[in-house]
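To start, the structure itself, in structure tokens.
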Amino acid sequence: MKNPLVTGHDAREITEQVSKLLRDVGNPEPPLSLQIIRDRLKLDLRYYSTVDHSFVRDAVHAIKVAGKQVLQRPTLLIDAVRRFDLRALWLPDRKRILIDQDLHPLKHRWAEVHETAHAIIPWHADYLLGDADTELSPTCCATIEAEANYACGQILFLQERFVEEVMSLPVTIESLKNLKQRFDNTYTSTLWRMVEEYCGSRPVVGIVSVHPIRLSDDFEPSDPCRYVIQSAKFREEFGKVTEVELFNALGSYCSRKRGGHLGTGQVSLVDDNGQQHEFLFETFCLRYKKPDQDLGFQALTLGVHQRKLSTGAARCGNRSVG
Ligand SMILES: [Zn+2]
């Protein structure tokens, strides 16, 4: 899935709302404390459990999931939470954010600020918004969710502050690790912001995928990447490069290692005008514990444009450089 764009008037309005919020809390240094945001907006954060219903007993009239109206008539909140397998909710009338206590702790920060974003985007106020686990990841096709994620990214990464830091560092996995520590967000969301906010002249692509060599039985070759994140320049010039091509390129230089640095390789990609270009790709792998399962792998890749190759060079020119 490639990153959706929030543009035009809506993007500007969201940027203004976020700037105002960050100004109101004194333009803090990273990492952002969520408590000061909650205090400023007088938001009430509660954790719920689908076993203990005490916070989700209320009746609700309308609920949107991933921006789509799913419920019109009054129903019990707990029923809606169960029926749509929600992980986080925003209750506008009570200024309350509800987060499923079973959501992985690494995802709490994004979940809370995603719901906070619904609270500060004026045209989201009329709906009670529920979010399934997939919408809490940094993308979703629905406009309203894309807007919430856009605002969420700006809040957690402090807008221009992050952009300045990205532009002052080389576009490498090492920089990604530093920025992850500094802003205290997840690797995935940091990679995401790093690529989207990169405003230099080189096309950059970020890939979140399974381990490119250790494929599981349920691996789907036609849909191999969890996310492909394109910088503005990459989107403009390499919009026709497919997720399958990108994923297959990883196999040309990645090792079977179970974690850490998997490799660095020269990858050639064809731009939308049919010209060959060389990119430097770098991949590292995180291991995470899935509930009741073995360790899972998540590979994060950064690809940075190096140079244009002579027209008509062989397409399969990928090779490992380390
Ligand atoms: Zn949402």
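Bear in mind these aren't lab numbers, they're just calculated from the coordinates by the rules spelled out. Note that the coordinates shown come from a computational prediction; the quantities given were computed from them, not determined experimentally. Cβ sites come from the backbone with ideal geometry, for glycine too, and all protein chains shown count toward neighbours.
Using the C-alpha gyration tensor of region 108-191, what are the square roots of 5 times its eigenvalues, in whole angstrom, with the largest one first? It would help to have the intermediate numbers written out before the result.
Values: eigenvalues 134, 33, 20 Å².
Here the semi-axes work out to 26, 13, 10 Å.
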Quiz prompt | Charge dipole (region 219-276, unit charges on Cβ, about Cα centre) - positive-most of Val241, His261, Ser231 | solution = His261
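Starting from the Cα gyration tensor of region 200-257, multiply each eigenvalue by 5, take the square root, and state the resulting semi-axes largest first in whole Å.
Sorted largest first and rounded, they come to 23, 12, 9 Å.
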Quiz prompt | Label-to-label distance, nm, for residues given as Ala62 and Asp102 (7 Å Cα→Cβ offset) | solution = 3.0 nm
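Among Arg12, Arg96, which comes first, then next, by fewest other beta-carbon atoms within 10 Å?
On the way: Arg12 11, Arg96 17.
Ascending number of Cβ neighbours within 10 Å: Arg12, Arg96.
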Quiz item: Over the C-alpha atoms of region 77-220, what are the Rg and the largest Cα-to-Cα span, Dmax, in Å?
Solution: 16.7, 50
Quiz prompt | Residue-count net charge about Lys308 - beta-carbon cut-off 10 Å; Lys, Arg +1, Asp, Glu -1 | solution = -1
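Suppose every Lys and Arg Cβ carries +1 and every Asp and Glu Cβ carries -1, with no other charges. What dipole size does region 76-162 come out with about its Cα centre, to the nearest 20 debye?
Working: 9 positive and 14 negative charges, 47 e Å.
Its charge dipole is roughly 220 debye.
In what order do Trp110, Trp90 fall by count of nearby beta-carbon atoms within 10 Å, going from fewest to most? Please report the intermediate quantities before stating the final value.
Working: Trp110 22, Trp90 25.
So the residues, fewest neighbours to most, are Trp110, Trp90.
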Practice problem: Quickly work out the Glu174-to-Val70 label distance, labels modelled 7 Å from Cα along the C-beta direction, and quote it in nm with one decimal. | Solution: 4.5 nm
Quiz item: Computed over the Cα atoms of region 8-156, what is the ratio Rg over Rh, Rh following Kirkwood?
Solution: 0.95
Quiz item: How big is the Rg/Rh ratio for the chain, C-alpha atoms only, Rh by Kirkwood, two decimals?
Solution: 0.99
Self-check item: Spin-label pair Trp123/Leu41, simplified geometry with 7 Å Cα→Cβ offset, distance in nm
Solution: 1.8 nm
